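*Asks:* Let me begin by handing over the structure; questions about it come next.
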Amino acid sequence: MHASVIEAVRERGPAPADRKRERCPLCASERLQHCLTLPHNPLLKCADCGLSCTERIGSDEAVAEYYRDRTAHAGKLEEGNELAAAMASFQAELLSRVISHEGGRLLELGCAAGNLLAAMEQRGWQCWGVELSETSLQAASSTTHATLHLGTLDNFSHPLEDFDCIAAFDLLAHLTDPVTTLRQAASLLRPGGWLVLSTVNEGWPLVPVFQRLFSLLPDQTAGLRDEMYEAQHYAYFNKSTLTRLMREAGLDLHTVEPLAPFSAHYFRHQYRLTKRLALTGMLGLDRLMGASRKMLVAARKPLG
Ligand SMILES: [Zn+2]
């Protein structure tokens, strides 16, 4: 039924890249330097703040068009996958642990088919979801009672300072203008409210090792490279650039913690044996280093 998860990611095709970046999306520096050759869109690194970002991004219209009829995905899972609900309850656990209170008003950015919203409703939350994919939003309307909005925060009209929590799992890397989006999110949070997100951790200690490998042996490492740098991503943060991002958005960074890749929990069994062993080895190494390729990030809106 589900071909390999990596095929599924590839089949989505690269996200639009019709606009060349002139400046770093985080610090506005013009000193963007080539970092890694990728098949569709080279990776650059800002010499001033250290953010890694693609050379080109999509215009708002192109991005909206790209996602309109693509089913949104949660991690590497397609909606409708029986594992999506399991992953949603894992995410609900993470949220509940971070914000340590039950119930309130929750907004999810990139709510896909609504599995997390449904899980949070069961925990007593009143939910809203924003999603660019019309296909996914249709699915969400039968999964959850949440109020659903097609589009982005640009056209989401909602009273300011209304939400207790905004969740954005695996969204940050897809944003063309992360500072603006997070400022919009911050304006919707009540003072003391939480922003909780997960994203790729470019500060993972093995990143320089893999980047060197990808440059030296591009053909032999293409599969791993395309998995580490998905063609739908525009930016990769580490703890330092995240700290700056939250400050720019008017939020206080609360915690950044390693998050084992969802692949470890949910589709390791789909990998062939050598890859499964490699993943197991890497997870062991991660435990030793206290690090992970993914991170869970929590930030709060200052109280006054
Ligand atoms: Zn920068």
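The values are calculated or read from the model by the stated rules, or taken from the named source; none is laboratory data. Model, not experiment: these values are computed from the prediction. Methodologically, a virtual Cβ is constructed for each residue, glycine included, from the backbone with ideal geometry; neighbour enumeration extends over all protein chains shown.
For (1) touching a residue at least 40 places away in the same chain (Cβ under 8 Å); (2) buried (at least 21 other Cβ atoms within 10 Å of the Cβ); (3) touching an Asp or Glu at 6+ places or on another chain (Cβ under 6 Å), each residue gets a yes or a no:
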{"site": "D177", "(1), (2), (3)": "yes, no, no"}
{"site": "R190", "(1), (2), (3)": "yes, no, yes"}
{"site": "V200", "(1), (2), (3)": "yes, yes, no"}
{"site": "W204", "(1), (2), (3)": "yes, yes, no"}
{"site": "P208", "(1), (2), (3)": "no, no, no"}
{"site": "Q220", "(1), (2), (3)": "no, no, no"}
{"site": "L224", "(1), (2), (3)": "no, no, no"}
{"site": "A231", "(1), (2), (3)": "yes, no, no"}
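*Asks:* Sticking with this structure for a sec: Report those helices (runs of 4 or more DSSP H) wholly inside region 196-304 carrying at least 1 residues which are aromatic (F, W, Y).
*Replies:* Result: 207-216, 262-266.
*Asks:* What do you reckon, is T152 at pLDDT 90 or above and surrounded by fewer than 18 Cβ atoms within 10 Å (Cβ to Cβ)?
*Replies:* The answer is no for T152.
*Asks:* Which ranges mark the strands (runs of 3 or more DSSP E) fully within region 1-103 that have 1 or more residues being among the polar types (S, T, N, Q), at pLDDT 95 or above and surrounded by 16 or more Cβ atoms within 10 Å (Cβ to Cβ)?
*Replies:* Strands (runs of 3 or more DSSP E) meeting the threshold: 52-54.
*Asks:* Quick one: which residue in K301, K294, K239, K275 is basic (K, R), closer than 29 Å to H40 by Cα and at pLDDT 95 or above?
*Replies:* K239
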